[in-house]
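Each reported figure results from applying straightforward, stated rules to the coordinates on display, with no laboratory input. No experiment lies behind these values; they were computed from the predicted model shown. Here Cβ is always computed from backbone atoms with ideal geometry, including for glycine, and neighbour counts include all displayed protein chains.
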Amino acid sequence: MRFSVEQFRNWDHKKVTLLGMSGVGKTHISSMLRGHDWFHYSGDYRIGTRYLDESILDMIKSRAMEVPFLRDLLRNDWIYIRNNIKVSDLGPVLAFVGKLGDPERGGLELEMFREHQRLYREAEIAAMHDVPHFIRKSRTIYAYQHFVNDVGGSLCELDEPGVIELLEEHTLILYIKVTDEEEEQKLIRRAQSDPKPLYYRPEFLDQQLAVYLQENGLQYAAQMDPDTFTRWIFPRLFHSRIPRYEEIARRGYTVTSQEVAAVRDQQDFLSLIESAIARS
């Protein structure tokens, strides 16, 4: 959606999609807005509770079945396992996506990793297709005035026709851009100090994996330390995503991570969007 400043200001039921790298403040802003009559739609929360719920539970159960004591309890239906995913804690989703590398060091073998990546991509696409439905629900069931779509950092990687067009049709897209090199390095260092599972486009993964194996004299992915590989690949992933984000941002508006860091309340947020519209 495109607006003049006046049109945006007079938009009674505002609907915004926040786009950007992990760590730029999307979830922080979304959580703050919840206290100002905004419905917070978390793409990753929807993925974990709706589209990957069974797959996550199957993964956990398969691990539990390796323990004789738990195996007997599960087979006799004396215990049950469920997910406890929170918007602020998406641990089960991250655990399912996993890290590529040596299974003895907590990694996934390449074939299983590719399958988990495929399932995550399909789930994220489905979760984005649910946005119009949740926009309606947020008004008709929960009576929220406004709607914020907090998307995962991998949205730009999906390459699925129609997804971005759908978000553009139903929401104002706001790209949070990292423009300062110091801030960029801060995000990279944070990701490297505590490496999290990531989604990679298959072509990107194949290319980078080949480079990493050659540089380290390894023959196959299961020889890699999962955390070391994730730290190594993240800066490359970070920079590969920038032009993809910027292409999507042409459909909406752009603000900087420094500007977002200065937002303290709803009025600050709305004023920031108005500034972005005015300078576009």
Checklist outcome for this item: Scanning segment 120-177 residue by residue, the ones that are more than 25 Å from residue 266 (Cα to Cα) and basic (Lys, Arg) total 1
Checklist entry - When you go through (1) more than 30 Å from residue 269 (Cα to Cα); (2) in contact with a strand residue (DSSP E or B) (Cβ under 7 Å, 6 or more places away or on another chain); (3) not in a helix (DSSP H, G or I) one by one for residue 80, which number turns out not to apply? => result (2)
Item to check | Residue ID - nearest to the chain's Cα centre (by Cα), chosen from residues in segment 127-146 that are among the small types (Gly, Ala, Ser) and surrounded by 15 or more Cβ atoms within 10 Å (Cβ to Cβ) | outcome: 127
Checklist entry - How do the pairs read when you match residues in segment 106-125 that are within 17 Å of residue 154 (Cα to Cα) with residues anywhere that are of a type in the set (Gly, Ala, Ser) and assigned to a strand (DSSP E or B), using Cβ under 6 Å and keeping only pairs 6 or more apart or on different chains? => result none
Checklist entry - Are there any pairs, at least 6 apart or on different chains, whose C-beta atoms fall under 7 Å, with the first in segment 145-166 and among the β-branched types (Val, Ile, Thr) and the second part of a strand (DSSP E or B), and if so, which? => result 148/16; 148/18; 148/38; 148/40; 148/41; 151/17; 151/18; 151/19
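Listed here are the residues, each with its yes/no results for (1) of a type in the set (Asp, Glu); (2) touching a residue at least 40 places away in the same chain (Cβ under 8 Å).
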residue	(1), (2)
37	yes, yes
45	no, yes
53	yes, no
70	no, no
76	no, no
79	no, no
Checklist entry - Does at least one position in segment 59-67 carry a residue that is within 22 Å of the chain's Cα centre (by Cα), under 30 Å from residue 231 (Cβ atoms) and of a type in the set (A, V, I, L, M)? => result yes
Checklist outcome for this item: If we ask which residues in segment 1-20 are under 20 Å from residue 139 (Cβ atoms) and either loosely packed, with under 13 Cβ neighbours inside 10 Å or touching a residue at least 12 places away in the same chain (Cβ under 8 Å) (or both), their number turns out to be 13
Checklist entry - Out of segment 112-171, which residues are in contact with a Lys or Arg (Cβ under 7 Å, 6 or more places away or on another chain), hydrophobic (A, V, I, L, M, F, W, C), part of a helix (DSSP H, G or I) and closer than 30 Å to residue 62 by Cα? => result 127
Checklist entry - Identify, please: which residue in segment 221-270 is crowded, with 18+ Cβ neighbours inside 10 Å and among the polar types (S, T, N, Q) and is, among those, nearest to residue 26 (Cα to Cα)? => result 257
Checklist entry - Out of the residues in segment 27-52 that are buried (at least 18 other Cβ atoms within 10 Å of the Cβ) and charged (D, E, K, R), which is nearest to residue 133 (Cα to Cα)? => result 46
Item to check | Residue in segment 59-91 that is surrounded by the most Cβ atoms within 10 Å (Cβ to Cβ), counting only those that are among the charged types (D, E, K, R) and within 25 Å of residue 129 (Cα to Cα) | outcome: 86
Checklist entry - Of these, 119, 209, 167, which one is surrounded by 18 or more Cβ atoms within 10 Å (Cβ to Cβ) and under 18 Å from the mean Cα position of the chain (by Cα)? => result 167
